[in-house]
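The values are calculated or read from the model by the stated rules, or taken from the named source; none is laboratory data. Model, not experiment: these values are computed from the prediction. Here the Cβ positions follow ideal geometry from the backbone for every residue, glycine too, while neighbour counts run over all protein chains shown. Just so you know, the surface numbers come from the protein's heavy atoms only, side chains and all, with ligands and any DNA or RNA stripped out. Shrake-Rupley method; radii C 1.70, N 1.55, O 1.52, S 1.80 Å.
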Amino acid sequence: MPKRLSATSWRWIGCGVAVTALAVLCAGSVLAASAAGPANTTPPSVSGSPIIGKVLTGSRGSWTGTGITYSYAWLRCDTNGAGCAGIAGATGTTYNVTSAVLGATIRFAVTASDSSGETTLASSPTGEITTGNGKPASSAPPTISGTATVGTALASTTGSWVGDQPITYSYQWLQCDQSGNACAPISSAVNSSYKLAQNQVGTTVRIKVIAANSRGNGSAISTQTAVVQDASGGGGIINLPNGGKSVDAADVPAGERLIVQKVQFSPNPVRSRTAPITITVTVKDTRGYYVRNAFVYLRSTPLLTETPTDARTATDGKVKYSVKPRSDFPLKNGYSVQFFVKAYRKGDPTLAGISGTRLVQVATATS
């Protein structure tokens, strides 16, 4: 007998297309495992209201065959009843509708098995799952398109909503920190598009959509954009969450230099030759700005670890390496291994430019 599929293995992709061991059919006979197996005379059906908090009840329909056994799966589908996937744990004849399926449709699938094989059929889809009070409810949040650069116009969708029609929409753009938190409304930014301003450099932006109908209103907020950059070549000054300011290496002026401000080792002391050493380097310039897009060269002296490929600093001026000790890496109490660190701007002459260097060391110890 063919292996019976679990509820989570269902996937609707359209009529006449194979899905693992299943062949997808149309109308009431939606999914069929094989030509053999019990024959269906009345397809499965669903009764109950497609409303959050209500209970849907599935009927297996009518089947012919000898010694038939049944198993069940509830499917979450697109609004047109396609794109179905099994709902985890929903394998009984009833399903308690939750907010997780808001805006979706539901089908009830029945697998009938006997000694000749098994047949799987699904009901027609329910209506879209909605709220009981008819107020607008978000089934998919709004999204933002456009590049996070000063002068660029961002555009927002409304997202997807359910509720009594008609539904109208209004907008409020929000300015947030780099993690998308601590958001505050942007004055007069109440349309579906917004042109980024200079004072947004170093922040992120989100859109809040308010949906309203005769029953009330609801709101949904998009994810944050990337950190807003200046329209100039280097990206301008970015305000960091720690109160510092970040500049692009390309914008460090002549007469200033890069400084290897901090080098942190973990673990410290090093007690093993098999575990990698994490080394975090922080780069600033002589004005005190954190420097992004600077490159960092790192090498133990003498050569007692692998030498990583030069990498560029992030917005906060930091770059992190993971280096593995060599077999001759010394593990001695009271001993240290020295590292040479160089921060530089790509394209500068090797012996000139704004580069800065530093010698640092990490302690070692017996394991």
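Looking at SER170, SER188, SER179, just one residue is modelled with pLDDT of 90 or more, surrounded by fewer than 18 Cβ atoms within 10 Å (Cβ to Cβ) and in a loop (DSSP other than H, G, I, E, B), and that residue is SER188. Across segment 258-274, what is the total count of residues that are among the small types (Gly, Ala, Ser) and free of Cβ contacts under 8 Å to residues at least 40 places away in the same chain? Adding up the residues that qualify gives 1. Within segment 325-367, if we keep just the residues that are assigned to a loop (DSSP other than H, G, I, E, B) and among the small types (Gly, Ala, Ser), the residue that is most open to solvent (accessible area, probe 1.4 Å) turns out to be SER367.
Consider LYS332 carefully, then state whether it is more than 12 Å from LEU258 (Cα to Cα) and more than 29 Å from the chain's Cα centre (by Cα). It is true that LYS332 is more than 12 Å from LEU258 (Cα to Cα) and more than 29 Å from the chain's Cα centre (by Cα).
Of the residues that sit in segment 260-299 and are buried (at least 18 other Cβ atoms within 10 Å of the Cβ) and hydroxyl-bearing (Ser, Thr, Tyr), which one is farthest from the chain's Cα centre (by Cα)? Among them, the one singled out is TYR289. Applying the criterion of being of a type in the set (Val, Ile, Thr) and out of contact with any Pro (no Cβ under 9 Å at 6 or more places or on another chain) to the residues of segment 62-99, the residue that is least open to solvent (accessible area, probe 1.4 Å) is ILE87.
Tallying residues that are farther than 23 Å from ASP164 by Cβ and either surrounded by 18 or more Cβ atoms within 10 Å (Cβ to Cβ) or of a type in the set (A, V, I, L, M) (or both) within segment 100-122 yields 13. Taken together, THR69, THR79, THR20 contain a single residue that is at pLDDT 90 or above and of a type in the set (Val, Ile, Thr), which is THR69. Of the set (1) buried (at least 16 other Cβ atoms within 10 Å of the Cβ); (2) closer than 30 Å to ARG299 by Cα, all apply to ALA254 but (1).
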